[in-house]
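The values are calculated or read from the model by the stated rules, or taken from the named source; none is laboratory data. These numbers were taken from a predicted model, which means no experiment stands behind them. Positions of Cβ are backbone-derived with ideal geometry, glycine not excepted, and every protein chain shown enters the neighbour counts.
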């Protein structure tokens with residue numbers, strides 16, 4: 001959220017570089033070298049502690065820890081230290097759904113409106129495209145993601161059953177035809193947790209403990225939402241001005257089926273080998289192999305129907321590593337990050353979790369490079385020459401159309417568009433980090449010239465709109481000229497914010513010199529007051545993550561955001577009225593021009609924020 005608002009107000013790109021593994025780091029050639037380099041990166045990136053597991057089908061190559069689970073007590077990370085795994089939980093929840101499938105209690109095609117009508121999903125396409133269980137598993141129901149005000153439980157009783165789902169009623173609205181676009185939503189898995197409870201007759205976490213954790217021997221893992229501080233539990237941290245700030249042991253809202261898992265290096269080693277051995281437990285299949293194949297397959301997206309094999313399956317995501325594709329899931333909570341990834345064909349996998357720092361991506365890349373170090377460079381299939389009509393049809397400008405958070409979609413559409421241009425017999429892609437050439441591998445499939453497998457697919461959706469899908473992002477045609485106009489107006493608005501301070505100082509100087517009547521000074525000061533009100537709201541909205549717990553209730557922080565944003569709009573409106581009324585009395589033409597520019601810029605920004613729901617925003621009610 002804070003990065004998206006910065007895009008609007010500062011006109012800069014998302015700071016993704018800090019989260020991108022450095023591609024020029026050579027692959028570690030041995031386990032001791034890997035461990036040594038991990039410790040170096042931890043020091044460079046200020047990562048307090050790390051849990052790591054690397055396994056094969058038959059053995060555990062490494063299961064242990066680095067650094068500190070708790071900086072205050074100096075407790076070190078060991079193979080038994082428990083880390084919060086965040087959305088890795090979704091893979092376990094999906095396993096629970098598949099177990100219910102095997103028991104015959106539901107099907108992937110079951111309609112949510114039939115098996116759980118009490119949830120009350122809103123779907124205008126229900127008659128032709130109802131929300132199904134598979135859509136929840138693959139994030140294709142079109143639901144908005146959960147906002148910060150509904151992420152952390154700061155007071156009140158723990159919600160269970162249907163009440164835990166009803167908390168997210170405003171998110172349970174299909175924004176597009178279900179079974180088309182993937183848009184990550186924690187609400188999907190909160191609903192799945194409820195389905196497990198309804199169909200099994202027991203709490204979802206108990207069902208998963210009985211059917212997943214216990215059979216796998218994951219004795220030190222749990223789905224408990226309430227966590228007590230101890231030396232065996234990794235304390236989460238956020239870095240602020242070079243200091244590690246402890247994150248409170250918060251509880252998740254909802255039922256926790258989207259992110260409550262806590263686990264250890266030893267238990268994640270068992271979990272990885274469970275996958276690498278095709279779900280065999282003591283030479284007995286946990287479920288028939290068919291279900292594992294289904295879990296790793298994408299079923300419901302337009303991209304999959306057009307031939308793209310990678311993506312988000314049944315709680316199981318594809319990771320495109322440089323030399324191979326891995327399956328698994330990642331997770332992030334405030335102060336912690338985690339991932340587990342495996343390749344059944346290669347018979348190797350890894351899991352890691354860290355409790356803070358600046359860049360865990362470098363370590364993930366080091367581990368991935370190590371486990372694939374002996375693989376040859378993947379072969380690239382011969383490029384096809386796409387039909388000229390394809391090149392012409394898909395040339396143009398596109399905007400993202402499957403925002404994770406609908407509230408911020410206007411900002412994404414203005415800042416994250418792409419352009420496709422014909423370049424000989426190929427398409428040149430501009431955007432997404434730089435220019436690239438798309439190499440055709442089929443009528444609809446393309447790959448980056450730097451990749452070995454297709455990650456781009458083109459076609460038309462159910463409404464006949466041409467669509468370009470890159471990884472999980474759906475792009476649809478838009479007017480580049482209109483986007484440029486909006487970007488230019490917002491850039492002028494940012495200049496107007498800066499100019500308002502100069503206008504205020506200029507007014508004071510002119511009053512002191514007797515060149516401006518005191519009764520007109522307010523025309524110079526109102527823009528400054530409006531800018532300061534907006535700045536006060538943004539300062540709290542863009543504050544460090546550990547203060548986001550305040551967003552769940554009405555308090556000084558959220559009221560300041562509400563009042564500051566509202567006051568910005570009101571003061572700008574008052575400035576417009578008074579400036580028009582006193583225009584002739586200003587005299588100096590340069591003063592008039594400067595005030596007109598500042599007022600117009602602030603007025604456009606206020607109007608843009610008002611239209612998109614940011615003026616007087618009530619973050620506690622999102």
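Summary of computed values
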{"read-out": "Tally, over region 87-109, of residues that are in contact with a helix residue (DSSP H, G or I) (Cβ under 7 Å, 6 or more places away or on another chain), assigned to a loop (DSSP other than H, G, I, E, B) and buried (at least 19 other Cβ atoms within 10 Å of the Cβ)", "value": "0"}
{"read-out": "Residue in region 381-402 that is nearest to the chain's Cα centre (by Cα), counting only those that are part of a strand (DSSP E or B) and under 15 Å from residue 473 (Cβ atoms)", "value": "400"}
{"read-out": "Residue check for residue 445: modelled with pLDDT of 90 or more, under 15 Å from residue 309 (Cα atoms) and over 24 Å from the mean Cα position of the chain (by Cα)", "value": "yes"}
{"read-out": "Tally, over region 42-82, of residues that are under 29 Å from the mean Cα position of the chain (by Cα) and within 19 Å of residue 373 (Cα to Cα)", "value": "4"}
{"read-out": "Answer from 520, 538 - the residue that is touching a residue at least 40 places away in the same chain (Cβ under 8 Å), in a helix (DSSP H, G or I), in contact with a helix residue (DSSP H, G or I) (Cβ under 7 Å, 6 or more places away or on another chain) and within 30 Å of residue 250 (Cβ to Cβ)", "value": "538"}
{"read-out": "Residue match in region 382-391 (condition: crowded, with 22+ Cβ neighbours inside 10 Å, free of Cβ contacts under 8 Å to residues at least 40 places away in the same chain and within 30 Å of residue 180 (Cβ to Cβ))", "value": "no"}
{"read-out": "Residues being loosely packed, with under 14 Cβ neighbours inside 10 Å, part of a helix (DSSP H, G or I) and touching a residue at least 40 places away in the same chain (Cβ under 8 Å) - total across region 585-610", "value": "1"}
{"read-out": "Filter pass, residue 443 being part of a loop (DSSP other than H, G, I, E, B) and in contact with a strand residue (DSSP E or B) (Cβ under 6 Å, 6 or more places away or on another chain)", "value": "no"}
{"read-out": "Residue check, residue 401 surrounded by 20 or more Cβ atoms within 10 Å (Cβ to Cβ), farther than 27 Å from residue 239 by Cα and out of contact with any helix residue (DSSP H, G or I) (no Cβ under 7 Å at 6 or more places or on another chain)", "value": "yes"}
{"read-out": "Residue that is surrounded by the fewest Cβ atoms within 10 Å (Cβ to Cβ) [pool: residues in region 116-160 that are at pLDDT below 95 and in a helix (DSSP H, G or I)]", "value": "148"}
{"read-out": "Out of 352, 375, sole residue that is part of a strand (DSSP E or B) and either assigned by TED's automatic domain parsing to the domain that holds residue 54 or within 22 Å of residue 58 (Cα to Cα) (or both)", "value": "352"}
{"read-out": "Residue check for residue 555: modelled with pLDDT under 85 and farther than 20 Å from residue 410 by Cα", "value": "no"}
{"read-out": "Checking residue 55 against (1) in a strand (DSSP E or B); (2) out of contact with any helix residue (DSSP H, G or I) (no Cβ under 6 Å at 6 or more places or on another chain), the condition it does not meet", "value": "(2)"}
{"read-out": "In region 415-431, the residues that are buried (at least 17 other Cβ atoms within 10 Å of the Cβ) and in contact with a helix residue (DSSP H, G or I) (Cβ under 9 Å, 6 or more places away or on another chain)", "value": "415, 416, 417, 420, 426, 427"}
{"read-out": "Among (1) in contact with a helix residue (DSSP H, G or I) (Cβ under 7 Å, 6 or more places away or on another chain); (2) closer than 23 Å to residue 137 by Cβ, the one test that residue 206 misses", "value": "(1)"}
{"read-out": "Selection count, region 161-186, where residues are within 22 Å of residue 204 (Cβ to Cβ) and in a loop (DSSP other than H, G, I, E, B)", "value": "5"}
{"read-out": "In region 103-122, residue nearest to the chain's Cα centre (by Cα) [restricted to those that are under 27 Å from residue 291 (Cβ atoms) and touching a residue at least 40 places away in the same chain (Cβ under 8 Å)]", "value": "121"}
{"read-out": "Considering residues of region 358-372 that are surrounded by fewer than 24 Cβ atoms within 10 Å (Cβ to Cβ) and not in a helix (DSSP H, G or I) only, the residue farthest from the chain's Cα centre (by Cα)", "value": "372"}
